[in-house]
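Here's the structure we're looking at; comments come further down.
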Amino acid sequence: MGMTMTQKILAAHAGLDTVQAGQLIEADLDLVLGNDITSPVAIHEMEKMKTEGVFHKDKIALVLDHFVPNKDIKSAQHCKCVREFACKHEISNYFDVGEMGIEHALLPEKGLTVAGDVIIGADSHTCTYGALGAFSTGVGSTDMAAGMATGKAWFKVPSAIKFNLVGKPAKWISGKDIILHIIGMIGVDGALYKSMEFVGDGIQYLSMDDRFTIANMAIEGGGKNGIFPVDELCQAYLKEHSVRPYKIYEADEDAVYDEEYTIDLSALKPTVAFPHLPENTKTIDEIGEIAIDQVVIGSCTNGRLDDLRIAAEILKGKKAAKGVRVIVIPATQKIYLDAMEEGLLKIFIEAGAIVSTPTCGPCLGGYMGILAEKERCISTTNRNFVGRMGHTESEIYLASPAVAAASAVTGKISGPDEVIGG
């Protein structure tokens with residue numbers, strides 16, 4: 001019986017010739033990730049273990065990104081805890097104010113995640129790095145603590161679902177539309193503890209930023225991880241960003257999948273997830289009149305340079321509708337700088353938007369965009385659960401940067417064609 005791409009990576013890191021779905025294994029880790037919310041818990045758990053130190057100071061990444069710059073005393077205390085731990089253990093990849101970015105955009109940019117890696121992170125969207133052909137998944141803080149101490153983690157080998165992407169997407173169709181379509185199709189638990197493996201000729205039309213977005217939201221379909229094949233575009237990205245050696249794994253021809261789906265990208269329309277689940281999707285022509293109060297363009301899902309370029313293309317020379325707050329958050333300092341040098345920030349500000357330092361802030365209801373009762377936000381983030389962005393009676397609509405930017409101009413949920421044409 002053949003193995004999937006994910007199963008091959010896990011077998012190699014467990015020192016085994018083969019693994020099969022459901023098997024329990026202990027695997028070596030290439031990277032352990034934590035942020036300012038989850039790391040303090042892991043640090044306190046690690047202290048209970050009475051270990052002498054971390055397994056490898058270069059294979060741990062600590063990124064202060066959720067409430068940074070600190071929004072209150074509690075968040076400041078959390079960051080102080082992480083800062084002192086990083087200093088004590090001489091953690092190489094520690095990112096604080098001025099150097100930090102949203103973790104899942106920052107680590108690939110810094111070359112810390114490469115094809116063939118096994119990566120765990122105490123953040124559910126750690127599955128982002130599957131875009132690079134790595135096995136990466138979110139874990140709890142206790143598992144993060146064990147990973148920092150031992151460099152190993154236990155896994156139940158996941159079974160897999162194959163998503164065959166075919167056709168060329170239309171101009172405004174992005175990775176966000178693709179993954180929202182998929183989640184709308186399978187549901188938020190449709191891939192529960194399974195590997196979502198993306199293949200097909202349509203992948204050639206997807207930028208790396210599109211792929212990061214799709215892998216990022218595998219967890220919103222219940223997936224253990226999402227993963228893409230390592231093609232020429234991916235290899236070019238790896239060579240540009242990293243000096244680390246990488247290894248390409250490919251699924252066996254006789255690999256077993258629980259289910260297979262074919263998605264014709266040319267048939268997709270801009271897609272929006274309605275409150276209060278990412279599976280509650282509608283295409284732009286099914287929506288009707290829905291007025292909005294706020295727009296957020298950013299997050300670990302859609303705060304990369306391509307995302308900002310798309311939003312700026314739509315907002316250029318236009319103004320946000322009166323009464324609509326527009327918040328743009330570049331995902332890293334480099335993206336912020338590149339966007340500034342390209343003139344994108346000028347476009348945003350002239351359109352009436354604010355541009356924030358990199359932060360997860362509003363995505364998790366932290367700060368920089370909290371919603372009041374009965375307010376509506378269209379956001380490029382990844383979750384729209386009840387109370388996720390503020391008041392429990394507020395509403396979050398998930399969409400692509402193109403739809404979010406178009407909606408900022410019209411003051412209601414709108415497709416880009418309504419603002420700029422196809």
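The values are calculated or read from the model by the stated rules, or taken from the named source; none is laboratory data. Being a predicted model, the structure only gives us computed values, none of them experimental. Virtual Cβ from ideal backbone geometry, glycine too; neighbours counted across all protein chains shown. SASA here: full protein model, heavy atoms, side chains in, ligands and nucleic acids out. Shrake-Rupley method; radii C 1.70, N 1.55, O 1.52, S 1.80 Å.
Dipole magnitude for region 1-58: computed about the Cα centre from +1 point charges on Lys and Arg Cβ and -1 point charges on Asp and Glu Cβ, it is near 120 debye. For the cross-link pairs LYS156/LYS176; LYS48/LYS110; LYS8/LYS110; LYS171/LYS412; LYS322/LYS412, the ones whose C-alpha atoms lie over 23 Å apart are LYS156/LYS176; LYS48/LYS110; LYS8/LYS110. Annotation: extensible slack from GLU250 through GLN20 equals 81.2 nm (criterion: 0.36 nm per residue apart, minus Cα-Cα distance). For the residue pairs LYS334/LYS374; LYS50/LYS74; LYS162/LYS269; LYS57/LYS162, the alpha carbons lie more than 29 Å apart in LYS334/LYS374; LYS57/LYS162. When the chain is described by a simple charge dipole with +1 on each Lys and Arg Cβ and -1 on each Asp and Glu Cβ, the residue from THR332, ALA105, PHE228 located farthest towards its positive end is THR332.
Residues in the chain average 39 Å² of solvent-accessible surface per residue, probe 1.4 Å, ligands and nucleic acids excluded. For LYS168, a cut-off of 15 angstrom between C-alpha atoms picks up these aspartates and glutamates, skipping any fewer than 8 places away in its own chain: ASP177, ASP201, ASP210, ASP264. Note on region 1-119: Rg/Rh from Cα positions, Kirkwood definition for Rh, rounded to two decimals, is 1.04.
For the options SER141, SER400, SER242, a Gaussian network treatment of the chain with springs between C-alpha atoms closer than 10 Å singles out SER242 as fluctuating the most.
Over region 291-357, Cα pairs under 8 Å with separation of 6+ residues give a relative contact order of 40 percent. ARG309 contributes an accessible area of around 100 Å² to the protein surface, as traced by a 1.4 Å probe with all chains present.
Measuring gaps between exposed loop sites in the chain (GluC sites (Glu not before Pro); DSSP loop; at most 16 other Cβ atoms within 10 Å), the longest gap, sites not included, is 100-249.
Sort the chain into rounded, prolate or oblate with this rule: let a ≥ b ≥ c be the square roots of the eigenvalues of the Cα gyration tensor; rounded if a/c is under 1.5, and if a/c is not under 1.5, prolate when a/b is larger than b/c, oblate otherwise. Because a/c hits 1.5 or more and a/b fails to exceed b/c, the chain counts as oblate.
Determine the calculated [θ] at 222 nm for the chain from helices alone, applying -39500 (n - 2.57) to every DSSP H run no shorter than 4 residues and normalising by the residue count; nearest 500 deg cm²/dmol. Computed mean residue ellipticity for the chain: -8500 deg cm²/dmol. Less than 19 Å apart at the alpha-carbon level, and either on another chain or at least 8 residues along: which aspartates and glutamates does that give for LYS346? Cα-Cα hits under 19 Å: ASP306, ASP307, GLU313, ASP338. Taken about its Cα centre, region 356-422 carries a charge dipole of about 140 debye when Lys and Arg each add +1 at the Cβ and Asp and Glu each add -1 at the Cβ.
Here the Gaussian network model covers the chain, with springs between Cα atoms less than 10 Å apart; of ASN225, ASN216, ASN93, ASN93 fluctuates the most.
Could you estimate the translational diffusion coefficient of region 271-378 from the Stokes-Einstein equation, with Rh from the Kirkwood formula over C-alpha pairs, at 4 °C and 1.567 mPa s, in whole µm²/s? Calculated translational D: 89 µm²/s.
Placing +1 on each Lys and Arg Cβ and -1 on each Asp and Glu Cβ, with no other charges, gives the chain a dipole about its Cα centre of roughly 1000 debye. Here the 3J(HN,Hα) profile of region 165-178, calculated from phi with Karplus coefficients 6.51, -1.76 and 1.60 at θ = phi - 60°, is 8, 10, x, 9, x, 5, 3, 8, 8, 10, x, 5, 5, 5 Hz, Gly and Pro shown as x.
Of all DSSP bridge pairs formed entirely within the chain, close to 20 percent run antiparallel. Give me the percent of the accessible area of the chain that comes from carbon and sulfur atoms, probe 1.4 Å, all protein chains in place. Within the chain, the accessible surface is 51 percent carbon and sulfur. Among ILE219, ILE378, ILE186, the residue with the largest mean-square fluctuation in a Gaussian network model of the chain, with springs joining Cα atoms closer than 10 Å, is ILE186. Once backbone amide H atoms are built at 1.01 Å from N, VAL68 has CYS360, GLY361 as its partners under 5 Å, excluding neighbours fewer than 5 places away on the same chain. Straight-line cross-link reach from LYS71 at under 21 Å between alpha-carbon atoms covers these lysines, not counting any fewer than eight positions away in the same chain: LYS80.
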